[in-house]
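Since the structure comes first, as structure tokens, the remarks are kept for the end.
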2 protein chains.
Amino acid sequence: MTDTGVIDRARLSDEQRLDWLRLIRSDNVGPRTFRALIDHCGNARTALKALPELARRGGASRPARVYSIEQAERELRAARALGATFIALGEPDYPPRLEMIDDAPPLIAVRGEISALAHAMIAIVGARNASGAGVKFAERLAHDLGKAGFGIVSGLARGIDAAAHRASLATGTIAVLAGGHDRVYPPEHGDLVEAILPNGAVLTEMPFGWEPRGRDFPRRNRLISGLAVGIVVIEAARRSGSLITARLALEQGREVFAVPGSPLDPRCEGSNGLLKQGAVLVTEAADVVAAVQPILGEPIAASAEEPPSSMPATMPDEDERSRIISLLGPTPVGLDDLVRLSGSSPAVVRTVLLELELAGRLERHGGTLVSLA
Amino acid sequence: MTDTGVIDRARLSDEQRLDWLRLIRSDNVGPRTFRALIDHCGNARTALKALPELARRGGASRPARVYSIEQAERELRAARALGATFIALGEPDYPPRLEMIDDAPPLIAVRGEISALAHAMIAIVGARNASGAGVKFAERLAHDLGKAGFGIVSGLARGIDAAAHRASLATGTIAVLAGGHDRVYPPEHGDLVEAILPNGAVLTEMPFGWEPRGRDFPRRNRLISGLAVGIVVIEAARRSGSLITARLALEQGREVFAVPGSPLDPRCEGSNGLLKQGAVLVTEAADVVAAVQPILGEPIAASAEEPPSSMPATMPDEDERSRIISLLGPTPVGLDDLVRLSGSSPAVVRTVLLELELAGRLERHGGTLVSLA
């Protein structure tokens, strides 16, 4: 089952890919800032040149570090050594659904069978300390959904994740890492990664050599839900990572499914809670297939996001900049309000926000909400 | 918590009660026929006299047996010996919600604390071969709902039913039997019955000495759901009796709740299935309380039923009778259609149907649908 995608798309040149890699790896540049920089500067090469001055104007406490050509070339060599390919947002191989989330990574590094990313995918996530029944059900569901033509996405963790991957090795499974390809976590799943590669894929947005820390996992989880049409939660405790993934999935407009379990098992508290909140109850693969079938027919829609400005970037003067900054605080405020309250043009407000972001002084909260960091 | 009920109601005299008992125990008289007979004849005594002739005209193959005064007095003595009281539909102690189902029993025989029937009730039903977790959850739920002021209704079966009764002995629990008071099933639950009586009640519509057969249990189940505001299903397999009770509850407009369980446990297939069909998911007593609280405030409404005719009963002539009978067959047909197609008055059609019913030749299917037996 091939997921709906845009057909006619350009590939980056090697130089462009190097520029993209340098830009996304530079200080204070995340997926959203990357887009804002491209909007502001026109392309990655110009953005790399403009970046230090923009950050200085935003009040950076020290000069912004730009990822050097040497660093980028070293990362490209490391990728090649592991057989990983960088795919850029907008290229034909980029997973079509992932492209539509508003913080889609500009570059993903992919190992394995790249064509596996074109399949419609279902994410299966759940407890690391899963019960025997939970593991068995994850295997059954992943196997049956694989047979039904879906790629199975998960996070390579112990318990439910690993069970879902293992049961769909033959039909194609996709693991999303929270660190670099050379820093698989947990380390004992190196064999599982190798087993995934022939028919599936392992991908990450993180640099080679990146050791995953606690906060990288929730960040990674948005890719698990973003890749998929829907996400199935099996055995999730209260306040577990799987519930974070479910919340992200809802924000991305993905279907959320949950598997029922005994009210006496704390491992089912989160998943039963999702059912109370309206998640679709799953006891067999057919429940998932029936719910996502109608969605697969539709063209993939972008998530709600402000359309990029077509106005030429205007340089704010000092007065405008300080007026806009004075409107910001720790409470998130919308771009529209900033434009209205400052009296500046949207293009000027956007430029000031970009400067602050590159200086590490701005936080984005989804939509167009921002606050001072 | 006292359930909403009608305040000002008359009690039957001893003679009337004897007539009611004789009528409901006579051949081919069920709760619906009982009502039709009272509508047709005005009261039970007249109905007892009219019954043999009505059955003969309906084409009974042998003379209809009317429960004799001696039989009725013997049953009243047996009831007194066990401390059971007969309560008639319309009397102040009759459970207010039960009264509103369209096949409410004209008489129930009650042992124990009759005031327990005035409480708002929740039914808890489920598998006889329940798991340890299922039994434990049933106990917790019955205990907590009891503390919240609800009476707990169930069917005295092994497993979930018995656990629910036992956990609510102190707060009040109601057991509904499928046989006579002197034929408790399963026999080993005689002690449980005695333990229920001080704060709760045990009731049945069946005659003393009645040994329950398989088909008496689904019939009994309509009383379990009919007594309650809502019914909670814990561990029900496919095609189990608990699912029959859930279906009856829906038909009676009761809330249906189900407790989630592992998709790998066949004992949860039915309950998970109910959740897929829209039953409210329960992991704690608060889920039930939150859902029924708004209902308890409302006056109890009768279920949809044809209002009794106020026209004087008209005797059909032979032509009319045979024309109406010729319109009947094994496929259920509505009263309205029979009136329209026969050209007879509703009162005449109803009389012919009553005759057929008393002759054992008619089946009623709920609403006003009837077919030849």
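Tell me which residues, restricted to the range B:215-227, are touching a residue at least 24 places away in the same chain (Cβ under 8 Å) and either open to solvent by 10 Å² or more (accessible area, probe 1.4 Å) or closer than 18 Å to B:L117 by Cα (or both).
B:F217, B:P218, B:R219, B:R220, B:N221, B:R222, B:L223, B:I224, B:S225, B:G226, B:L227
Looking at this structure, is A:E269 at pLDDT 90 or above and over 17 Å from B:S271 (Cα atoms)?
For A:E269, the condition - at pLDDT 90 or above and over 17 Å from B:S271 (Cα atoms) - is met.
If you check A:G230 against the conditions, is it crowded, with 20+ Cβ neighbours inside 10 Å and either touching a residue at least 12 places away in the same chain (Cβ under 8 Å) or over 28 Å from A:M100 (Cβ atoms) (or both)?
Yes; evaluated as a whole, the condition is true for this residue.
Determine, yes or no, whether A:G261 is farther than 16 Å from A:D161 by Cβ, away from chain B (no Cβ under 14 Å) and surrounded by 21 or more Cβ atoms within 10 Å (Cβ to Cβ).
When the stated conditions are applied, A:G261 does not pass them.
Which condition breaks for A:L338 when tested against (1) assigned to a helix (DSSP H, G or I); (2) touching a Pro at 6+ places or on another chain (Cβ under 7 Å)?
A:L338 satisfies every listed condition except (2).
Being on the phi < 0 side of the Ramachandran plot and either assigned to a helix (DSSP H, G or I) or over 22 Å from the mean Cα position of the chain (by Cα) (or both) is the requirement here; does B:A123 meet it?
No: the conditions fail for B:A123.
Which residues, taken from the range A:6-63, are touching a Phe, Trp or Tyr at 6+ places or on another chain (Cβ under 8 Å), assigned to a loop (DSSP other than H, G, I, E, B) and open to solvent by less than 30 Å² (accessible area, probe 1.4 Å)?
A:S26
Just need a number here: residues in the range B:282-295 that are open to solvent by 20 Å² or more (accessible area, probe 1.4 Å) and either of a type in the set (K, R) or at the interface with chain A (Cβ under 10 Å from one of its Cβ atoms) (or both).
Of the residues in that region, 3 qualify.
Are any of the residues in the range A:298-310 at pLDDT 90 or above and surrounded by 14 or more Cβ atoms within 10 Å (Cβ to Cβ)?
Checking the range A:298-310: not a single residue is at pLDDT 90 or above and surrounded by 14 or more Cβ atoms within 10 Å (Cβ to Cβ).
Scan the range B:264-281 residue by residue and report those that are at the interface with chain A (Cβ under 10 Å from one of its Cβ atoms) and among the charged types (D, E, K, R).
Answer for the range B:264-281, where residues must be at the interface with chain A (Cβ under 10 Å from one of its Cβ atoms) and among the charged types (D, E, K, R): B:D265, B:E269, B:K276.
Of the residues A:E320, A:E357, only one is of a type in the set (D, E) and under 25 Å from the mean Cα position of the chain (by Cα); which?
When all the criteria are applied, what remains is A:E357.
Name, by its number, the condition in (1) acidic (D, E); (2) open to solvent by 20 Å² or more (accessible area, probe 1.4 Å); (3) touching a residue at least 40 places away in the same chain (Cβ under 8 Å) that does not hold for A:E211.
(3)
Residues A:I114, A:I124, A:I108: which one is more than 14 Å from chain B (Cβ to nearest Cβ) and either open to solvent by 60 Å² or more (accessible area, probe 1.4 Å) or under 20 Å from A:S225 (Cβ atoms) (or both)?
A:I108
For the range B:1-20, enumerate the residues that are modelled with pLDDT of 95 or more and closer than 19 Å to B:D102 by Cα.
Of everything in the range B:1-20, just one residue is modelled with pLDDT of 95 or more and closer than 19 Å to B:D102 by Cα, namely B:W20.
Being within 14 Å of another protein chain (Cβ to nearest Cβ) and touching a helix residue (DSSP H, G or I) at 6+ places or on another chain (Cβ under 6 Å): is that true of A:G226 here?
Criteria not met by A:G226.
Determine which single condition A:E91 fails, assuming it passes every other condition in (1) assigned to a loop (DSSP other than H, G, I, E, B); (2) of a type in the set (D, E, K, R); (3) open to solvent by 10 Å² or more (accessible area, probe 1.4 Å).
(3)
Can you find even one residue in the range A:103-117 that is assigned to a helix (DSSP H, G or I) and either among the aromatic types (F, W, Y) or modelled with pLDDT under 95 (or both)?
Among the residues of the range A:103-117, not one is assigned to a helix (DSSP H, G or I) and either among the aromatic types (F, W, Y) or modelled with pLDDT under 95 (or both), which makes the answer no.
Is it the case, given these coordinates, that B:F217 is within 14 Å of chain A (Cβ to nearest Cβ) and within 21 Å of the chain's Cα centre (by Cα)?
It is false that B:F217 is within 14 Å of chain A (Cβ to nearest Cβ) and within 21 Å of the chain's Cα centre (by Cα).
Could you tell me whether any residue of the range A:238-254 is outside any helix (DSSP H, G or I) and within 14 Å of chain B (Cβ to nearest Cβ)?
So far as the range A:238-254 goes, yes, one or more of its residues are outside any helix (DSSP H, G or I) and within 14 Å of chain B (Cβ to nearest Cβ).
The values are calculated or read from the model by the stated rules, or taken from the named source; none is laboratory data. This one's a predicted model, so the numbers in the text were calculated from it and none came from an experiment. As a convention, Cβ positions derive from the backbone with ideal geometry for all residues, glycine included, and neighbour counts pool all protein chains shown. The protein model used for the area step is the full one, side chains on, heavy atoms only, and it has no ligands, DNA or RNA in it. Shrake-Rupley method; radii C 1.70, N 1.55, O 1.52, S 1.80 Å.
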